[in-house]
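The values are calculated or read from the model by the stated rules, or taken from the named source; none is laboratory data. Not measured: the values here are computed from a predicted model. Cβ placement follows ideal geometry from the backbone for every residue including glycine, while neighbour counts extend to all protein chains displayed. Note: accessible area is taken over every heavy atom of the protein model, side chains too, but ligands, DNA and RNA are not part of it. Shrake-Rupley method; radii C 1.70, N 1.55, O 1.52, S 1.80 Å.
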Amino acid sequence: MPFVTLREFLGQAGLATPIEFDELGKAWRVAVESGSQETLMGFIARERGVAEDVFLQKLANALGWPFVDLPKLSIGPEARVRIATKVAFQHTIFPTRFEEGTLQVAVSNPFDSAMLNAVRFSVSDPVQFALAPRAEIEKALKKYYGVGAETLDQMDQEEDSVDLDITYDKDITEGDQEASVIKFVNQIIWEAYKDRATDIHLEPQEDELRIRYRIDGILHQTPMPPQLKRFQSSILSRIKVMSGMNIAEKRLPQDGRINVRIKGEEIDIRVSTVPTVYGESTSLRLLSRGKIFLSLDKLGFSPKDETAIRDLIVKPHGIMLVTGPTGSGKSTSLYAMLSSINSVHKRIITVEEPVEYELKGINQIAVRPDIGLTFAMGLRHILRQDPNVIMVGEIRDLETAEIAIRAALTGHLVFSTLHTNDSPSAFTRLIDMGIEPFLVASSLEAIMAQRLVRTICPTCKTEQKVEPSYLRRISFPEAEIPTAKFWHGAGCEDCRQLGYQGRLAIYELLVVTEALRPLILQRAAASTIAQAAIEDGMRTLRVDGWNKVRNGVTTIEEVLRVTQIEEHLDALVGGQTQMVTKS
């Protein structure tokens, strides 16, 4: 075959004319100088508006190479052991099979001479190259080798720390930490950030160090190299150094924090360690310090509830409580409410643990229990600052509850959170704390319970057939069963085959009316208050969930996962759902 340049080859293959190649080549070089890691083939495909897999299939035909669909392959270890892990990760290539003495290797750029030479040099067997999209190769490397596999292979040697565009607020590269350990911990944080994880859990087991990410509220185990357990002590010590903990103390729980910048975004990582049988279990919670909070109209309220909330948050005084378990989005809802009423005419002060989002124009205080700055102490001193609106991160004890109620009764609008299962339970919780019922009845304006449900992946969203008998068993509104349509995610690469991507809240808004106040004064049970509130127009968490199911936002399984319904309210709720207007 006569020698042809890449420019001529792509032109003959009908993939890019010589003029297009010259223009795209210049643009690609500028992108690379700006830090882009995209290959020339991927850049050309994207600029021409062609999917990378389609482009590579045409390129494979022109080269006479196979094109492989990596997600559909079942790849055994006999192929992976024939190529060095470092070579596979460094050049983003993946060994797909070893048959009849020949190793097939998937690559995304067949014109990378350095990569081709590295493969031929490191593999003793004959090599057959195949094409596959770069993103699929990266996913296969993480799935089959594990996160940071190439780093662990170098753990006994000193090497330069990988540049993942992560910087810390202080110098934490102590000399006693090997560069490869630093690199591996950076990779764990980087992968969590890319996967939209909110938590990272490092859990020592008898024969492994298990690492799990919490994504959209669900824990997922991350593929890790089998030799990870050997470096458990070094990895956990590195995290302790980063978070300012005592690395010598392994018998007591410790807390710390790391301030980190990833891709220009400020991330606050809260770190907690507790001693277990096989070592210290370490949890990292990732909190964005940027402007991630949502506006009130983006939170998923029904029109009726949004109108009621907008009326409540402009009242001159009273208490607005948001309830729900940890991680249910309570802080996000409160920030959205504060942001809606924030103006130069109102003095708003918050006391939080920690300050999760920084709001311009609002005075935010971070709780410091180690020096005596508790919620109660902060709230007591806030009242001397002449505020119009106060937000208390959480009502945990009698003292905080008493000060909050006193503030509400003396002309302040107070926002706070409480840990209860539903809205009506908040009344009994406050009374159980020791607050007099007449104070609860006169100060509380509304209570909102919420849960987060995963939303259906838009890429693989498909209609789902659900049996009517099942719908009746879970108390789905009878009148809606014949006409309702249901959807679910079939699973795709975008959602990691889960069928879900992102989360949205479901709500239960209880507005304290004159009909409810006598029940509070009589210390009525939460179920009695719930019945009266439903008759008064309150929609339960499950009812709001059913509305979002009917609207194709989430699935039946998600609503059932995060809600429960009391048997004595079943009939009331069933009748209520038939009257509710779709949100």
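Take residue 515 and decide whether it is surrounded by 16 or more Cβ atoms within 10 Å (Cβ to Cβ) and over 30 Å from residue 135 (Cα atoms).
Details: surrounded by 16 or more Cβ atoms within 10 Å (Cβ to Cβ): no; over 30 Å from residue 135 (Cα atoms): yes.
When the stated conditions are applied, residue 515 does not pass them.
The single condition from (1) within 28 Å of residue 297 (Cα to Cα); (2) assigned to a loop (DSSP other than H, G, I, E, B); (3) among the acidic types (Asp, Glu) that residue 557 fails is (2). The residues in region 358-408 that are open to solvent by 70 Å² or more (accessible area, probe 1.4 Å) and part of a helix (DSSP H, G or I) can be counted, and the count is 11.
Which of the residues belonging to region 465-480 are surrounded by fewer than 15 Cβ atoms within 10 Å (Cβ to Cβ) and under 20 Å from residue 542 (Cβ atoms)? Let's see the steps before the verdict.
Here is the first cut: in region 465-480, the ones surrounded by fewer than 15 Cβ atoms within 10 Å (Cβ to Cβ) are 465, 467-470, 472-474, 478-479.
Of everything in region 465-480, those that are surrounded by fewer than 15 Cβ atoms within 10 Å (Cβ to Cβ) and under 20 Å from residue 542 (Cβ atoms) turn out to be 467, 468, 469, 470, 472, 473, 474, 478, 479.
If the condition is being aromatic (Phe, Trp, Tyr) and under 24 Å from residue 303 (Cβ atoms), then region 499-531 contributes only 507.
Let's see how each residue does on (1) open to solvent by 50 Å² or more (accessible area, probe 1.4 Å); (2) polar (S, T, N, Q); (3) touching a helix residue (DSSP H, G or I) at 6+ places or on another chain (Cβ under 7 Å):
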site	(1), (2), (3)
458	yes, no, no
499	no, no, no
524	no, no, no
528	yes, yes, yes
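Among the residues making up region 414-428, a single one is open to solvent by 40 Å² or more (accessible area, probe 1.4 Å) and within 17 Å of residue 392 (Cα to Cα): 419. Of the set (1) open to solvent by 10 Å² or more (accessible area, probe 1.4 Å); (2) in a helix (DSSP H, G or I); (3) under 24 Å from residue 299 (Cβ atoms), all apply to residue 445 but (2).
In this structure, residue 411 does not qualify as more than 30 Å from the chain's Cα centre (by Cα), modelled with pLDDT under 95 and buried (at least 20 other Cβ atoms within 10 Å of the Cβ). The set of residues from region 332-349 being of a type in the set (Val, Ile, Thr), touching a Leu at 6+ places or on another chain (Cβ under 7 Å) and part of a helix (DSSP H, G or I) comprises just one member, 332.
For residues that are small (Gly, Ala, Ser) and under 16 Å from residue 326 (Cα atoms), tally how many sit in region 389-440. Steps first, answer last, please.
So in region 389-440, the residues small (Gly, Ala, Ser) come out as 393, 401, 404, 407-408, 411, 416, 423, 425-426, 434.
Okay, now just the ones that are also under 16 Å from residue 326 (Cα atoms), so 393, 416, 423, 426.
Matching residues across region 389-440 total 4.
Of the residues making up region 304-331, those that are outside any loop (DSSP other than H, G, I, E, B) and either crowded, with 16+ Cβ neighbours inside 10 Å or at pLDDT below 90 (or both) number 13.
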